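**Student:** Got a structure for you, written out below as structure tokens; questions coming shortly.
The values are calculated or read from the model by the stated rules, or taken from the named source; none is laboratory data. These numbers were taken from a predicted model, which means no experiment stands behind them. A quick note on method: Cβ atoms are made from the backbone with ideal geometry, for glycine too, and the neighbour counts reach across all protein chains shown. Keep in mind that these areas ignore ligands, DNA and RNA; they rest on the heavy atoms of the full protein, side chains included. Shrake-Rupley method; radii C 1.70, N 1.55, O 1.52, S 1.80 Å.
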Amino acid sequence: STMAPSVGSALLPHRAEERHAAGTARKAAVSTMVVCAVATVLTLLVTSQTAQPSVLLAKTERARKASTQKLSDFAMSGSFDIPDHPPGMPYIKAPPMGDVQLTDSDGNPIGHVTMRTAPAPPAPPPTIIKFGDVGVTNAECPMCPVLDVDAVKEQKKQLKQNAHRIERLKHAEELNRGRVEKTIEMMKKLKDTMYDRVFNMKEELKKSDALIEMKMEEKENSTGPVGPAGPPGFNGENGLNGHDGEDGIQGPKGRQGPEGPIGQTGMRGIPGPSGPEGSQGPVGPEGKDGPPGPAGDAGPEGTASVTLECIRIGGKMFKGVCFKASTLEANSDALPDDCKAYQPHEEWTEADWWKLAQMFHSQPMTPNIDRGHHGGRCSNFEAVTSFTQNLNAVEVWVNSKSFAFTPTGTGQSCDLQGDESSMAVYACAL
């Protein structure tokens, strides 16, 4: 015999969001249904003694054994058929169905049990497309959505309005894009203009700074007005006697004195008789030279001029002697080029030495001689003289063969070089 028990199992999804999880829920529902089926069969067997007496009379022996058996004496085997949907109705989910065979503890078949799930609980209200305050549903299919014609028209109208708005927005966007591009170009030009102005401003600032700096240097180097005279200082010590200066230029001829008074004219005497003719007087003074005559023939070539030869080797003439100078790098002779040095035997003075130093000095120097022991009047070098160059007091070395004065005080070192500014003067034989 077959029995149709009711097993409650809600498997129909009622929301669109739950359909995605239906496959997973289906597997869990199958396992639950198997357990429920076993419990249902056992319940039906117990309740069948009072609910179906005709079945118990037909199988008295089995019913007696079943009434005395425990729940653990029953065994169940079978399969479930769970279709996705009824044929031709894909939008409706089918309840799970199955067929289970029951056997006793000895393995004897008791019967088959066909199972179906109980009806699903009431579904939530269907999704309704509303327009205004009126809700429309399909009487034959409450779960199906209903198309509202007026709402569709209104939606189409709004779509057209939105399309026009989109076109206007696109046009406005194009205009804005063009304005942005123009603004960018204007900003580029403004940037270039600002860069040029800033560059010109920097150049002007540089020129202004250079001009101000030049003016400040001119002010620093310029001499201000003479200030008021200060109080007289204390009398200093008497300095050394200076050298005799050079003879000055002869002054102009003085004015003729006033003419003296004319004396009184004497009385004219009586003319005497004419005397005899005198002798011839002496020859008168020689007259002025006449104009030059025509040039004569060239004479034989004479000896070369000493001055010209001295100039050719880069020297200078002084008192008939050719001199050349060189800077000393050590306390030794430094003969100039093209100069064969010798020492003229003369008795030159300190004034002659100063004139010679003025001809060959390379730095500002003073005629004051340091009367210490540096330098001296010696003959241990080929130079005629050497001297340092400064504005205080110079150290001097002179050759005793040419000079008659001594440039030192007590003692002498006879060093040719005094410091890095020392200059040596040599007499060159031509």
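**Student:** Working only within the range 396-419, note down all residues that are open to solvent by 10 Å² or more (accessible area, probe 1.4 Å), in contact with a strand residue (DSSP E or B) (Cβ under 7 Å, 6 or more places away or on another chain) and under 19 Å from Asp352 (Cα atoms).
**Tutor:** Ser400, Ala404, Thr406, Thr408
**Student:** Being among the hydrophobic types (A, V, I, L, M, F, W, C), out of contact with any helix residue (DSSP H, G or I) (no Cβ under 9 Å at 6 or more places or on another chain), assigned to a loop (DSSP other than H, G, I, E, B) and without any contact (Cβ under 8 Å) to a residue 60 or more places away in the chain is true for just one of Ala210, Ala229. Which residue is that?
**Tutor:** Ala229
**Student:** Within the range 384-430, restricting attention to residues that are in contact (Cβ under 8 Å) with a residue 40 or more places away in the chain and aromatic (Phe, Trp, Tyr), which residue is farthest from His243 (Cα to Cα)?
**Tutor:** Looking at residues that are in contact (Cβ under 8 Å) with a residue 40 or more places away in the chain and aromatic (Phe, Trp, Tyr), I get Tyr426.
**Student:** Kindly evaluate Leu159 against the criterion of being aliphatic (A, V, I, L, M), assigned to a helix (DSSP H, G or I) and open to solvent by 100 Å² or more (accessible area, probe 1.4 Å).
**Tutor:** Criteria met by Leu159.
**Student:** Going through the range 360-374 one residue at a time, which ones are under 22 Å from Ile313 (Cα atoms) and open to solvent by 50 Å² or more (accessible area, probe 1.4 Å)?
**Tutor:** Correct list: His361, Ser362.
**Student:** I would also like to ask the following. When the residues of the range 334-346 are narrowed to those that are out of contact with any Ser or Thr (no Cβ under 8 Å at 6 or more places or on another chain) and surrounded by fewer than 16 Cβ atoms within 10 Å (Cβ to Cβ), which ends up nearest to Leu416 (Cα to Cα)?
**Tutor:** Here is the first cut: in the range 334-346, the ones out of contact with any Ser or Thr (no Cβ under 8 Å at 6 or more places or on another chain) are 337-342.
If we keep only those that are surrounded by fewer than 16 Cβ atoms within 10 Å (Cβ to Cβ) too, we end up with 337-338, 340, 342.
Numbers: Asp337: 19, Asp338: 21, Lys340: 19, Tyr342: 16 Å.
Of everything passing the filter in the range 334-346, Tyr342 is nearest to Leu416 (Cα to Cα).
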